[in-house]
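This report refers to the structure that appears directly beneath it.
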Amino acid sequence: MFLVTGATGNVGAEVVSALAAAGAPVRALVRRPDVTLPDGVEAAVGDLGSPGSLTDALKGVEGVFLLSGYDDASGVLRDAGVRRVVLLSGGSAALEDLDNAVSRYMTLSERAVRESGLDWTFLRPRAFMSNALRWLPQLRSGDTVRVQFPDVPVACIDPADIAAVAVAALAGGHEGRVYDLTGPVAMRPVEQVSALASVLGRDLRFVGLSNDETRVELEAGMPREYVDAFWNFYVEGTLDEATVYPTVPEVTGRPARTFAQWAEAHAGAFR
């Protein structure tokens with residue numbers, strides 16, 4: 001039995017679907033029992049922030065797909081008899097910058113899993129292609145897309161590719177590996193908008209926000225420490241998300257999906 005945490009998120013939902021499609025026994029950790037899941041998937045109500053709520057979810061579980069940010073979770077998993085953990089981390093974990101809010105929680109999560117005695121695999125994806133879904137409100141009201149950090153190239157990755165690597169790691173044979181995960185090419189936001197325009201058949205206009213405009217938008221939507229973290233990554237340039245890694249094809253035996261392919265598969269969400 002495999003337990004997937006964050007089972008309704010961008011990556012977790014893909015892990016659940018991939019495991020189910022492979023015929024693997026899979027249990028999805030959810031906060032509400034009325035969540036719609038693929039056929040054959042068990043729902044387990046619980047919360048990673050409340051370890052005591054995980055008792056039933058962990059019964060008979062061999063491997064767990066685990067989100068970062070819950071440093072106490074690995075001990076709970078070990079005590080429940082779990083053998084293998086695939087941790088969704090990120091590129092900033094390699095910085096080990098405990099003064100950066102994002103790098104800190106990923107770094108501490110990796111350290112906790114390393115020290116747990118469990119077999120582990122760390123996944124360090126760069127930005128998700130699904131981040132483009134945050135343009136939806138703009139696209140519903142017009143054809144102009146205003147984008148933060150317009151000059152930063154990112155080798156963004158399809159969450160389905162992250163899931164494919166996660167499923168391989170849960171099956172075993174990838175213990176002790178740290179996998180940097182990217183798409184096949186680094187793209188600037190203007191290139192993403194252009195690809196999306198082609199898929200949707202719309203004449204989209206790209207507008208890159210200045211640093212000051214970006215800062216205002218970020219501070220309106222998240223705590224200051226996370227704004228500072230992203231500023232550190234993308235304005236001060238401490239995080240490299242442009243380097244392309246061959247991990248997805250090496251692990252899965254197929255090419256990593258392009259942004260255009262992701263956009264085609266999710267075009268319905270933009271219409």
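Quick check, is residue 46 in contact with a Leu (Cβ under 6 Å, 6 or more places away or on another chain) and free of Cβ contacts under 8 Å to residues at least 24 places away in the same chain?
For residue 46, the condition - in contact with a Leu (Cβ under 6 Å, 6 or more places away or on another chain) and free of Cβ contacts under 8 Å to residues at least 24 places away in the same chain - is met.
In this structure, is residue 7 small (Gly, Ala, Ser) and not in a loop (DSSP other than H, G, I, E, B)?
no
Is it the case that segment 15-31 has a residue that's on the phi > 0 side of the Ramachandran plot and open to solvent by 40 Å² or more (accessible area, probe 1.4 Å)?
Step one: of segment 15-31, the residues on the phi > 0 side of the Ramachandran plot are 23.
This time we only want the ones that are open to solvent by 40 Å² or more (accessible area, probe 1.4 Å), so: 23.
Yes, that holds for at least one residue.
Picking from 265, 256, 220, which residue would you name as being open to solvent by less than 40 Å² (accessible area, probe 1.4 Å), out of contact with any Cys (no Cβ under 7 Å at 6 or more places or on another chain) and not hydroxyl-bearing (Ser, Thr, Tyr)?
256
Which members of segment 160-198 meet the condition of being of a type in the set (A, V, I, L, M, F, W, C), closer than 18 Å to residue 242 by Cβ and in a loop (DSSP other than H, G, I, E, B)?
185, 186
Give segment 215-250 a look and list any residue that's outside any loop (DSSP other than H, G, I, E, B), in contact (Cβ under 8 Å) with a residue 12 or more places away in the chain and closer than 25 Å to residue 195 by Cβ, or say none.
217, 218, 230, 233, 234, 247, 248
Pick out the one residue from 39, 47 that is at pLDDT 90 or above, of a type in the set (D, E, K, R) and touching a Ser or Thr at 6+ places or on another chain (Cβ under 8 Å).
On the way: 39 fails: touching a Ser or Thr at 6+ places or on another chain (Cβ under 8 Å).
Sole residue among the options that is at pLDDT 90 or above, of a type in the set (D, E, K, R) and touching a Ser or Thr at 6+ places or on another chain (Cβ under 8 Å): 47.
Rundown of residues vs (1) open to solvent by 20 Å² or more (accessible area, probe 1.4 Å); (2) not small (Gly, Ala, Ser), yes/no style:
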position	(1), (2)
72	yes, yes
77	no, yes
82	no, yes
93	no, no
97	yes, yes
102	no, yes
105	yes, yes
111	yes, yes
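Which ones in segment 38-68 are assigned to a loop (DSSP other than H, G, I, E, B) and among the hydrophobic types (A, V, I, L, M, F, W, C)?
Matches in segment 38-68: 41, 48, 57, 58, 61.
Regarding segment 210-232, can at least one residue be identified that is at pLDDT 95 or above and in contact with a strand residue (DSSP E or B) (Cβ under 7 Å, 6 or more places away or on another chain)?
no
Which condition breaks for residue 212 when tested against (1) free of Cβ contacts under 8 Å to residues at least 12 places away in the same chain; (2) open to solvent by 80 Å² or more (accessible area, probe 1.4 Å); (3) under 22 Å from residue 140 (Cα atoms)?
Of (1) free of Cβ contacts under 8 Å to residues at least 12 places away in the same chain; (2) open to solvent by 80 Å² or more (accessible area, probe 1.4 Å); (3) under 22 Å from residue 140 (Cα atoms), only one is false for residue 212: (3).
Return yes when residue 271 is at negative phi and modelled with pLDDT under 95 and no when it is not.
Against the criterion (at negative phi and modelled with pLDDT under 95), residue 271 qualifies.
Any residue at all in segment 175-185 that is loosely packed, with under 15 Cβ neighbours inside 10 Å and farther than 29 Å from residue 252 by Cβ?
Looking for residues that are loosely packed, with under 15 Cβ neighbours inside 10 Å and farther than 29 Å from residue 252 by Cβ, one finds none in segment 175-185, hence no.
The values are calculated or read from the model by the stated rules, or taken from the named source; none is laboratory data. Owing to the predicted nature of the structure, the values given are computational and were not obtained by experimental measurement. Methodologically, a virtual Cβ is constructed for each residue, glycine included, from the backbone with ideal geometry; neighbour enumeration extends over all protein chains shown. Just so you know, the surface numbers come from the protein's heavy atoms only, side chains and all, with ligands and any DNA or RNA stripped out. Shrake-Rupley method; radii C 1.70, N 1.55, O 1.52, S 1.80 Å.
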